[in-house]
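Chemist: Here it is: the structure, laid out below.
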Amino acid sequence: MISLLERTRKINKLLQKSEKVEYIEMSTLLSTVMGANVYIVNKDGKLFGYAYLDNFECDLMRDKVLLPEIFPAHYVE
């Protein structure tokens with residue numbers, strides 16, 4: 001089992017790697033470290049990156065969020 005310190009170090013290493021954030025890489029790492037599906041969005045709901053745990057796929061999320069690349073307004077509220 002990976003310790004919290006090791007998880008934090010992985011995230012910190014990714015953040016320090018470059019000045020430009022690679023959202024797909026960040027979401028993949030966060031998904032692995034946290035053991036959860038991850039969506040990186042801005043305050044308006046625009047989708048920058050996402051990663052599913054164990055290749056989980058949800059038709060609803062694909063149709064409502066991934067294809068338009070934005071969360072519906074009622075999700076953002």
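Each reported figure results from applying straightforward, stated rules to the coordinates on display, with no laboratory input. Worth saying up front: this structure is predicted, and the values here are computed from it rather than measured. Virtual Cβ from ideal backbone geometry, glycine too; neighbours counted across all protein chains shown.
Chemist: Quick one: would you say Arg62 is surrounded by 15 or more Cβ atoms within 10 Å (Cβ to Cβ) and among the charged types (D, E, K, R)?
Modeler: No: the conditions fail for Arg62.
Chemist: Could I ask something else about it? With the checklist (1) more than 27 Å from Ile2 (Cβ to Cβ); (2) in contact with a Leu (Cβ under 6 Å, 6 or more places away or on another chain) in hand, flag the one item Asp63 doesn't pass.
Modeler: Checking Asp63 against (1) more than 27 Å from Ile2 (Cβ to Cβ); (2) in contact with a Leu (Cβ under 6 Å, 6 or more places away or on another chain), the one that fails is (2).
Chemist: If I ask for residues that are part of a loop (DSSP other than H, G, I, E, B), in contact with a helix residue (DSSP H, G or I) (Cβ under 8 Å, 6 or more places away or on another chain) and surrounded by fewer than 16 Cβ atoms within 10 Å (Cβ to Cβ), which ones from the stretch 23-50 would you list?
Modeler: Gly35, Ala36, Lys43, Asp44
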